[in-house]
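A quick write-up on the structure given underneath.
The values are calculated or read from the model by the stated rules, or taken from the named source; none is laboratory data. What you see is a predicted model, and the numbers here were worked out from it, not measured in a lab. We place every Cβ from the backbone using ideal geometry, glycine too, and count neighbours over all the protein chains shown. Please note that ligands, DNA and RNA were not included when accessible areas were found on the heavy atoms of the full protein model with its side chains. Shrake-Rupley method; radii C 1.70, N 1.55, O 1.52, S 1.80 Å.
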Amino acid sequence: MTFQVIVTETDYRFPCEPNESVLDAAQRAGLEIPFSCRKGVCGTCKGRVVSGEARAFAGDALSPAERAEGQALFCNTRPRSDLTIAPRSIGKADPFARKTTTARVFRLQRLADDVMLVHLRFPAGIRARFRAGQHLNLILDNGERRDFSMANPPRESDGAQLHIRHVPGGAFTTHVFEKLRRGDVLNVEIPFGDFLLRDSAKPILFVAGSTGFAPIKSIIEDMAIKGIDREMVLYWGVRQRSGLYSELPEKWAKANRRFRYVPVLSDEPSPGIRRNLVHKAVLEDHPSLEAFQAYVCGVPVMTQAARIEFIAAGLPEDEFFADAFVTRAEVASAGP
């Protein structure tokens, strides 16, 4: 039996099979709900089931309170009846916006012991449209995909700069650090994601964990190109000082009086650098977040903790935007 899914406050409706996720059904119908991991780990596709019955598989990133409120992750939600849903955003897919192409490794640079800059160039004449903060899929030879945010601003559309952190035991990241060479060709699909700057006059809190710096770099550089002038502060959290692999934040702070930079270390003391969890450092400086927008990027445990504690500190829920970097191990542990 095929069920119908209605999107509240829109004219959108689409069919969904009992063993099909709402996310997959929406995409099949030409609609886009933001997503990343597809396994209920990152929380990107969160929304609300307004009416109807649905079931969700393991790997659900929702808290008990969110489940009680009818929140759902549409990547692992299957209908058991007709549904009415309220995703955080949905729209018609642009069939010309996303493209699959090859990309050649133009440059490899070790930014830190566990972070590699992989600079890709698209074939001559190929430009990929994307927005600052979005990510691409690397398509591996076995068909598996890996998501990586682009650190370059959209104006540099002839390629992509990726900040890839080596994950111990990770087959692909180990390949990047040990075997990938200049001139190697990779297959990519671009773009994905809604970790995008929203129009507002509010001051911005950028919160990056490790290579979560990459999409935030893209957004900040794009703001400078477009002349977007807002108060903003970047909190960049890593374990050790060597993880602060770019001097750009210091340069931005010197060039822009409305930009402030706060590096944060969690595992080692270092003179002149804050020692704390990065989202805790934000709350130390800003006990009330009512007046802010927050853009948070890093591992799921950090983005989820930041969301809960920032909202508790007064941040409006609709002013919190996150991109969770989910490892392959986390996806595998989430089950089917």
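One residue alone among Val115, Val167 is crowded, with 20+ Cβ neighbours inside 10 Å, β-branched (Val, Ile, Thr) and touching a residue at least 60 places away in the same chain (Cβ under 8 Å), and that residue is Val115. Residues that are open to solvent by 10 Å² or more (accessible area, probe 1.4 Å), modelled with pLDDT of 95 or more, within 24 Å of Arg98 (Cβ to Cβ) and of a type in the set (A, V, I, L, M): does the stretch 184-194 have at least one? Within the stretch 184-194, one or more residues are open to solvent by 10 Å² or more (accessible area, probe 1.4 Å), modelled with pLDDT of 95 or more, within 24 Å of Arg98 (Cβ to Cβ) and of a type in the set (A, V, I, L, M). Among the residues of the stretch 89-113, the one identified as of a type outside the set (A, V, I, L, M, F, W, C) and in contact with a helix residue (DSSP H, G or I) (Cβ under 8 Å, 6 or more places away or on another chain) is Asp113. Working only within the stretch 1-30, note down all residues that are without any contact (Cβ under 8 Å) to a residue 24 or more places away in the chain and part of a strand (DSSP E or B). Arg13, Phe14, Pro15, listed by residue number. Among what's in the stretch 118-134 and is open to solvent by less than 30 Å² (accessible area, probe 1.4 Å) and not in a strand (DSSP E or B), pick the residue that is modelled with the lowest pLDDT. The qualifying residue modelled with the lowest pLDDT is Ala128.
When residues of the stretch 135-156 are filtered for being open to solvent by less than 20 Å² (accessible area, probe 1.4 Å) and in a loop (DSSP other than H, G, I, E, B), how many remain? Here the count works out to 3. Test Leu277 against the stated conditions and say whether it is open to solvent by 40 Å² or more (accessible area, probe 1.4 Å) and within 20 Å of the chain's Cα centre (by Cα). Yes: the conditions hold for Leu277. Residue by residue through the stretch 166-210, note down the ones that are β-branched (Val, Ile, Thr) and not in a loop (DSSP other than H, G, I, E, B). Once the filter is applied, which keeps residues that are β-branched (Val, Ile, Thr) and not in a loop (DSSP other than H, G, I, E, B), the stretch 166-210 yields Thr173, Thr174, Val176, Val185, Val188, Ile190, Ile204, Val207.
Can you tell which of Glu250, Glu309, Glu284 is within 20 Å of Lys217 (Cβ to Cβ), more than 17 Å from the chain's Cα centre (by Cα) and part of a helix (DSSP H, G or I)? Answer to the check: Glu250. Scan the stretch 300-315 for residues that are of a type in the set (A, V, I, L, M), under 22 Å from His163 (Cα atoms) and in contact with a strand residue (DSSP E or B) (Cβ under 6 Å, 6 or more places away or on another chain) and the total you get is 1. Residues considered: Val296, Val326. Of these, the only one that is at pLDDT below 95, buried (at least 20 other Cβ atoms within 10 Å of the Cβ) and not hydroxyl-bearing (Ser, Thr, Tyr) is Val326.
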